[in-house]
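A quick write-up on the structure given underneath.
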């Protein structure tokens, strides 16, 4: 069956997007060296692969037009944080790196704490700290 999953996203400026994601803690995937048209980063401890492709290259790969991320969303990428403090710290890194918060850090359902942001190309991401001791049982 499937060994791993890759996230493939279009980017208006690959180099700027790489700098953004590096600033919030993603790491370079040296197995796929960056070019002017693409780059690869790892997300998290499990090293999920994020591939960034210049928009024209992405259109060729997918055979379709790009979604307008300013007016719609088709996916929300989520990842976890180790603590509420890490959520707050990451929100500040996103802002400093040029991203936009679409949801301020807040408690959710009494056991989660997180925020939502858009990267430089408008793709939506969600960061959550989950306090499983407070999660309702059953």
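Only the coordinates and a few stated rules stand behind these numbers; no lab work does. Predicted model, so just to flag it, every value in this text is computed and none were measured. Positions of Cβ are generated from backbone atoms using ideal geometry, with glycine treated the same way; all protein chains shown enter the neighbour counts.
Each 5 Å bin from zero up to the one holding the largest Cα-Cα distance in the stretch 1-62 carries the following percent of pairs: 4, 20, 29, 26, 14, 6, 1. In the elastic network of the chain, a GNM with C-alpha springs shorter than 10 Å, the most mobile of 68, 119, 88 is 68. For the chain, the calculated P(r), taken from all Cα-Cα distances in 5 Å bins from zero up to the bin holding the longest distance, is 2, 10, 18, 21, 20, 14, 9, 4, 2, 0, 0 percent. Computed from Cα positions, the angle between helix 14-23 and the longest principal axis of the chain comes to roughly 20 degrees. Residues 74, 38, 17 in ascending order of nearby Cβ atoms (within 10 Å, fewest first): 74, 38, 17.
May I ask you to derive the relative contact order of the stretch 1-128, considering only C-alpha pairs under 8 Å and at least 6 residues apart, and to give it as an integer percent? It rounds to 24 percent for the stretch 1-128. Would you look at the GNM of the chain, springs on alpha carbons closer than 10 Å, and say which of 86, 45, 107 moves the most? Ranking 86, 45, 107 by mean-square fluctuation puts 45 first. Averaging 1/r over each pair of different alpha-carbon atoms in the stretch 74-138 and inverting the result gives 12.1 Å, the Kirkwood hydrodynamic radius. For the chain, DSSP calls about 65 percent of its internal beta bridges antiparallel.
Against the chain, whose longest principal axis is taken from its Cα atoms, helix 84-96 shows a tilt of about 30°.
Mean residue ellipticity at 222 nm from the helices of the chain, using -39,500 (n - 2.57) per DSSP H segment of n ≥ 4 over the full residue count, to the nearest 500 deg cm²/dmol? Please list the in-between numbers first.
Values: 3 runs with 31 residues, N = 138.
My calculation for the chain gives -6500 deg cm²/dmol from helical runs alone.
Within 10 Å of each residue's Cβ, count the other Cβ atoms and sort 58, 21, 77 from fewest upward. Before the final figure, lay out each step's value.
Values: 58 19, 21 24, 77 15.
Ascending Cβ contact count within 10 Å gives the list 77, 58, 21.
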